[in-house]
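Trainee: Have a look at this one before I ask anything.
The values are calculated or read from the model by the stated rules, or taken from the named source; none is laboratory data. Source: prediction; values computed, not measured. Neighbour counts are summed over all protein chains in view; Cβ atoms, including those assigned to glycine, are modelled from backbone coordinates with ideal geometry. For accessibility, only protein heavy atoms count, side chains too; no ligands or nucleic acids. Shrake-Rupley method; radii C 1.70, N 1.55, O 1.52, S 1.80 Å.
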Amino acid sequence: MRVLYGVQATGNGHISRARAVGKYLQAEGIAVDFLFSGRPADQLFDMQQFGDYQLKTGLTFVTEQGQINYLKTALRAKPLELWRDIRQLDCSPYDLVLTDFEPVTAWAARLQKKRSVAFGHQYAFLHQIPQADSTPLSRSIFKFFAPGQQQIGLHWHHFNQPILPPIVDLEPAENTAEPDKVLVYLPFEDQNKVLQWLHPLTQYQFYLYGPGLSKSQSGHIQCSGPCVEQFKHDLRQSYAVISNAGFELVSEALQLQKRILVKALQGQMEQQSNALALNQLQLGQSTKILNTDVIKTWLTSPSHSSKVQYANVAQALAKWIRVGACPTELSQMNLWHDRSAQT
């Protein structure tokens, strides 16, 4: 069986899911070709696992100072190039096209009438889940940006909807937390401001990851640019995580039962909805502003770690795809057997 797997590369979370799912697809004897879009080649890192992958321009949002810049997003869009890439992508060698909210593979499969399965967090928004500031535009994006014949949403809770638990890229290992170690990942914020917020809090050891940062240490703050293995190591050792409200990192932090504080990207309905869901499920805390006082208050408040344990969805999906990806069989898989306390 040969599969084309399209991955939206604008966020590291999509790529992290691809690492997990790709590994299990290959373990099932499935040949996988990857296509990424939405990020320049020089901004990708640790991509050896994906072999000789394709890279397309796709579509992406431009963010500045913790919010989306819609004007620059529109000016940098290349719709003619996107249409050309869709038309030129040949899906005929593949038995199935998978897409994690990646538009080139999704639309190429649709135009060529190739069987396709779309899965990811964004598809959960096609169901009745907590949604903040939902608009006709945001609903249209979720529905038409990267459609599949079968669409599988992922979320931290089922909300009595036909969605699956998160896919987390975590190898089995001891989860040991150091009581003063805090992982900070705020890629959409000004990293100089983040450093200013953390600098007065000398009683904690902060491990700050972000674009444009080089590996260095300034007192109690350890800085590093984006990477995979060391980031996972520091995530396991931290007792708390401060991040934007993206889906994948929060999912991994929940699986590891870390304390979580998120600040949603302004103007990004998905992240704002994630913050809302975390609050409703009492799995973490959200804030609309970040500064030293907010971080200190949260760190010194009574500890509340999440109590969830998710099934191995990546492995289950890979086995399901190998035997034919029958929709009925997917609905019969009991992947919510390890439910959170909020069920």
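Trainee: Where does the chain land on Rg(C-alpha)/(2.2 N^0.38 Å)? Mind showing how you got there, number by number?
Mentor: Values: Rg = 19.6 Å, N = 343, 2.2 N^0.38 = 20.2 Å.
Ratio of Rg to 2.2 N^0.38 Å for the chain: 0.97.
Trainee: Sticking with this structure for a sec: When the Cα centres of segment 208-231 and segment 232-251 are compared, how far apart do they sit, in Å?
Mentor: Rounded to whole Å, the Cα centres lie 14 Å apart.
Trainee: Follow-up. Past 24 Å, Cα to Cα, is the threshold; run Lys143/Lys232; Lys113/Lys143; Lys78/Lys232; Lys56/Lys113; Lys143/Lys319; Lys193/Lys215 against it and keep the listed order.
Mentor: Values: Lys143/Lys232 32 Å; Lys113/Lys143 18 Å; Lys78/Lys232 34 Å; Lys56/Lys113 21 Å; Lys143/Lys319 26 Å; Lys193/Lys215 17 Å.
Correct reply: Lys143/Lys232; Lys78/Lys232; Lys143/Lys319.
Trainee: Here's another thing I want to ask about it. Take the chain, connect every pair of alpha-carbon atoms lying under 10 Å apart with a spring to form a Gaussian network, then pick out the residue of Leu35, Leu25, Leu195 with the largest mean-square fluctuation.
Mentor: Its mean-square fluctuation being the largest, the pick is Leu195.
Trainee: Hey, can you find the accessible area per residue of segment 212-343 for me, probe 1.4 Å, expressed in square angstrom? Let's see the in-between values first.
Mentor: Details: 5690 Å² over 132 residues.
Computed with neighbouring chains in place, this is 43 Å² per residue.
Trainee: Taking a label point 7 Å from the Cα of Glu229 along the Cα→Cβ vector, which residues of segment 22-46 have an amide N closer than 13 Å to it?
Mentor: 46
Trainee: A follow-up question, please. In units of 2.2 N^0.38 Å, what is the alpha-carbon radius of gyration of segment 208-343? Don't skip to the answer; put the middle values down first.
Mentor: On the way: Rg = 17.5 Å, N = 136, 2.2 N^0.38 = 14.2 Å.
Cα Rg divided by the expected 2.2 N^0.38 Å: 1.23.
Trainee: Rounded, prolate or oblate: pick one for segment 74-171, where a ≥ b ≥ c are the square roots of the eigenvalues of its C-alpha gyration tensor, a/c under 1.5 means rounded, and failing that, prolate if a/b is larger than b/c, else oblate.
Mentor: Judged from the Cα gyration tensor, segment 74-171 comes out oblate (a/c at least 1.5, b/c at or above a/b).
Trainee: Can you give me the distance in nm between label points at Gln266 and Leu55, each placed 7 Å from the Cα along the Cα-to-Cβ direction?
Mentor: Calculated label separation equals 3.2 nm.
Trainee: Gaussian network model of the chain, Cα springs within a sub-10 Å range: biggest mean-square fluctuation belongs to which of Val323, Val250, Val21?
Mentor: The residue with the greatest mean-square fluctuation here is Val323.
Trainee: For the chain, what does the helix formula give at 222 nm: sum of -39500 (n - 2.57) over DSSP H segments with n ≥ 4, over the residue count, nearest 500 deg cm²/dmol? Kindly include the intermediate steps, with their values, before the conclusion.
Mentor: Details: 12 runs with 115 residues, N = 343.
My calculation for the chain gives -9500 deg cm²/dmol from helical runs alone.
Trainee: In Å, what is the Rg of the alpha-carbon atoms in segment 204-286, and how long is Dmax?
Mentor: Rg then Dmax for segment 204-286, in Å: 13.2, 37.
Trainee: Moving to a separate point now. What is the Cα centroid distance between segment 110-147 and segment 1-31, reported in whole angstrom?
Mentor: About 19 Å separates the Cα centre of segment 110-147 from the one of segment 1-31.
Trainee: What figure in square angstrom, to the nearest 10, would you give for the accessible area of Ser92 with a 1.4 Å probe?
Mentor: Answer for Ser92: close to 80 Å² accessible.
Trainee: Give the accessible area for Lys319 in Å² (nearest 10); use a 1.4 Å probe, count only protein heavy atoms, and leave out ligands, DNA and RNA.
Mentor: For Lys319, the solvent-accessible surface is approximately 90 Å².
Trainee: Taking segment 140-205, which chymotrypsin sites (Phe, Trp or Tyr not before Pro) meet the DSSP loop condition and have no more than 11 other C-beta atoms within 10 Å?
Mentor: Numbers: sites: Phe142, Phe144, Phe145, Trp156, Phe159, Tyr185, Phe188, Trp197, Tyr204; in loops: Phe145, Trp156, Phe159, Phe188, Tyr204.
When the chymotrypsin sites (Phe, Trp or Tyr not before Pro) of segment 140-205 are filtered for loop state and at most 11 Cβ neighbours within 10 Å, nothing remains.
Trainee: Count the DSSP beta bridges whose two residues both fall in the chain, then state the antiparallel fraction as a percent rounded to the nearest 5. Please report the intermediate quantities before stating the final value.
Mentor: On the way: 5 of 50 bridges.
The answer is about 10 percent antiparallel.
Trainee: How much of the accessible area of the chain, in percent, comes from carbon and sulfur atoms when a 1.4 Å probe is used? Don't skip to the answer; put the middle values down first.
Mentor: Details: 7740 of 15410 Å².
C and S fraction of accessible area: 50 percent.
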